[in-house]
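Heads up, the thing below is written out as structure tokens.
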Amino acid sequence: MSKKQFVLGVFLGLVVTSAAYVANRLDLFHDDAKDYEEFEGR
Amino acid sequence: MKTKAIMIGAGLANMASAVYLIQEAHWNGDNITFYSLDDHGSNDGSVTTDQTDEYWNKNHPLSNTKGYLARGGRMLNYRTYVDLMDLLSRVQSVTEPGMTAAEDTYDFDAKHRTYDIARLLQGGKGIIDGGKMGLNNEDRLLLTKLIMMPDREETKLDNVSIAEYFKDDPHMFQTNFWYMWETTFAFRTKSSAQELRRYMHQMIYEFTQIEHLVGVNRTRYNQYESIMMPLINYLKDQGCHIILNRRVTDWDFKDTTMQDEITVTGLTMTNTETGAEEHVDVDDDTAVIFTNGSITDSATLGDFDTPAPENMDYGAAASLWKKATEHFYNLGNPDKFFADRDASEWVSFTLTTKNHVLLNEITRITTQQPGNALNSFLSTTPITPLGQVDVNMSIVVHHQPHFTTQKPNETVIWGYFLYPRRRGEFVQKPYIEMTGKEMLQELIGQLAKVDPGPVNIREHEDAIMDSVVNCIPVYMPYASALFNNRAKADRPKVIPAHSTNLAFTGEFVEQPYQMIFTEQSAVRSGEIAAYHFAGIPMSHLVDTPRYDKDLPTLMRATKKMFS
């Protein structure tokens, strides 16, 4: 692996990790509908 | 599932619930009965004489009952108040034939867009550029932490006040951002950081344009005529029973072995006109939908020559809420909201004049045409416990007329003092002790300080005083109670666990995501209650937009923090 490829790999890794972190913090993939399940008619 | 409902409280939340029961669940309106002190809650608006005999006012007669009174008024935001707008699209406007209440406000707002150009004013500086938020890196970091805190971590802010959250960063309270934020939304430093987080999430789009209030939408008239009356008329047409002058005072709950089944079997109430005690049985087919708190409970009025007295009543709705919590552990803690007036009280005033002299002066000084602006006047000397400058008072100059019966020569202006125990700058007493005349003198003084001239408003003071029909101070001990510092468990869920027939609605309930004091959350709580008892899936609720998960919005908000 060349130095260039190594640096690119590290950079991409940081980007993906950051994106995953932000997505997690923002709950981007949370289904809001689940929050209302407890209110469903019983 | 139920087929009938008793509504305790006839404010927006329960009226919304009734509309959804009728329209979505196809209930018969005749099967819905309201018991309440009045038919407006915090959305009042009328000639003063229509309110002087109401429950909270009749023991404090006024010497001057002229003019108009609206204790407060909500600014709307179509972008996020989706449940409110859905509700208003279902009822007819009472002032604009052929329009729904939603179309009415859309039509008015399109012709009178909000663009505030004098959001903040200060003596010696005049109009301040609110676009410069004044945040430093510490401020930005703490705000970012709030924005990046997901819903599931909200409990980290249990019992954390705004003052505590920013305790190592008092600079926050010296920023234009804070001055605008606190006066736009009526947050106090003792208010809940958990609620501040919810606001930062739900209003993140408006954060990017906060100084001009571009996202603010308004109703054509006051909230009673533009929002409550359409609902009242619709529900009465549908056969609902709205029984006023009733203070519900106690519950009968079903006795169960483990005492954790919440089933209401009866209600005791007082007829406030006759003093008679009444009792209503609740059968197995009936849901009880209860608005468990009101920010205008225990409010009192003054007049031009009389300050508003203090009424120490805990509050009708809150008292009943407290009674319920004496039976069950999972119904929240009303004392967090109604036993700390220092955290929640403020005073407003409604000023009616017989000509446009004052209005013209305000227009000249603020360079803002009447309607759709909020102006806040900053002190020039430290006035807070931290020794900082803060907002003295704020005013809203409505588009005129603000009431349908208002004559063309009359004007109505509203204002408020967020910290009523602070002393006036021109009248040397606390705002809470001021008459309407003294509050107007404070306003003239604040305007005089920022007046660009050449003829200062002081030269017109006599003419302004002569023009006054009335100025009504209103003391509201619980005006910001819904923002009081809280833990997540301090508010009952809309449908508490183990409840078979009781739901909680309004601004003192726990529901996902929603911020309060907006009418939006009140409507949604009513909607949830209606769907629950009608067996309608929650997937039918109005979709909630999540701008706090929209990357372009978040990037604009980030950019705004550096302005």
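Each residue of segment B:298-308 was assigned a 3J(HN,Hα) from its phi angle through the Karplus curve 6.51 cos²θ - 1.76 cosθ + 1.60 (θ = phi - 60°); the sequence is 6, 6, 9, 10, x, 8, 4, 10, 9, x, 6 Hz, with glycine and proline shown as x. With the cut-off at 31 Å, tell me which of the pairs B:Lys4/B:Lys549; B:Lys336/B:Lys437; A:Lys34/B:Lys4; B:Lys58/B:Lys437; B:Lys156/B:Lys429 have Cα atoms farther apart than that. Listed pairs above 31 Å: B:Lys4/B:Lys549; B:Lys336/B:Lys437; B:Lys156/B:Lys429.
Per atom type, segment B:39-86 shows carbon and sulfur on 44% of its accessible surface, probed at 1.4 Å.
Reducing segment B:442-467 and segment B:130-188 to their Cα centroids gives an inter-centroid distance of 35 Å.
With the convex hull of the Cα atoms taken as the outline of chain B, the averaged projected area works out to 24.1 nm². Between B:Asn77 and B:Asn217, the built amide H atoms are under 5 Å apart, and every one of these is 5 or more places off in sequence or on another chain. Close amide-amide hydrogen proximity is noted between B:Asp250 and B:Thr268, each under 5 Å apart and 5 or more residues distant or on a separate chain (H modeled in the peptide plane; Pro and chain starts excluded).
Once you order the gyration tensor axes a ≥ b ≥ c over the Cα atoms, which shape class does segment B:1-146 get: rounded for a/c under 1.5, otherwise prolate or oblate by comparing a/b with b/c?
Details: a/c = 1.92, a/b = 1.43, b/c = 1.34.
Prolate, because a/c is 1.5 or more and a/b exceeds b/c.
A convex hull fitted to the Cα coordinates of segment B:131-246 yields 173 cubic angstrom per residue. Centroid-to-centroid, using Cα positions, segment B:1-71 and segment B:469-490 are 18 Å apart. Excluding same-chain neighbours fewer than eight residues apart, the aspartates and glutamates reachable from B:Lys190 by a Cα-Cα span under 17 Å are B:Asp158, B:Glu164, B:Asp168, B:Asp169, B:Glu182, B:Asp335, B:Asp340, B:Asp342, B:Glu345, B:Asp390, B:Asp490.
Counting only protein heavy atoms and a 1.4 Å probe, chain B has 35 square angstrom of accessible area per residue. Taking amide H as placed 1.01 Å from N in the peptide plane, the amide H of B:Leu120 sits under 5 Å from that of B:Ile128, B:Gly130, B:Ser376, each at least 5 places away or on another chain. Scalar couplings 3J(HN,Hα) for segment B:207-224, obtained by applying the Karplus form with A = 6.51, B = -1.76, C = 1.60 to θ = phi - 60°, are 4, 6, 9, 5, 6, 9, 6, 4, x, 7, 10, 10, 7, 4, 10, 4, 5, 5 Hz; x denotes Gly and Pro. First select every other residue whose beta carbon is under 9 angstrom from the beta carbon of B:Asp107; then total the charges, Lys and Arg +1, Asp and Glu -1. The answer is -2. On the accessible surface of segment B:476-535, probed at 1.4 Å, how many percent belong to carbon and sulfur atoms? Percent of accessible area from carbon and sulfur atoms in segment B:476-535: 61.
In peptide A:26-33, what is the residue-averaged number of other protein chain Cβ atoms found within 10 Å of each Cβ?
5
Hey, how many Å between the Cα centroid of segment B:500-563 and the Cα centroid of segment B:351-394? Result: 32 Å between the Cα centres. Working note: Karplus 6.51/-1.76/1.60 with θ = phi - 60° gives segment B:259-265 the couplings 6, 10, 8, 9, 10, 7, 10 Hz, where Gly and Pro are set to x. Taking a ≥ b ≥ c as the square roots of the eigenvalues of the Cα gyration tensor, an a/c ratio of 1.5 or more together with a/b no larger than b/c marks segment B:317-411 as oblate. Within the same chain, lysines fewer than 8 places from B:Lys132 are excluded, and of the rest, those with a Cα less than 24 Å from its Cα are B:Lys145, B:Lys167, B:Lys449, B:Lys559, B:Lys560.
Taken along its three principal axes, the alpha carbon spread of segment B:190-302 comes to 53, 39, 35 Å, from the longest extent down to the shortest.
Using a ≥ b ≥ c from the Cα gyration tensor of the protein assembly as shown (square roots of the eigenvalues), is it rounded, prolate or oblate, where a/c under 1.5 gives rounded and otherwise the larger of a/b and b/c decides, a/b for prolate? In terms of gyration-tensor shape, oblate.
The values are calculated or read from the model by the stated rules, or taken from the named source; none is laboratory data. Source: prediction; values computed, not measured. Don't worry about glycine lacking a Cβ; one is built from the backbone with ideal geometry, like all the others, and counts go over all protein chains shown. When the accessible area is computed, the model is the full protein with side chains, heavy atoms only, and any ligands, DNA or RNA have been set aside. Shrake-Rupley method; radii C 1.70, N 1.55, O 1.52, S 1.80 Å.
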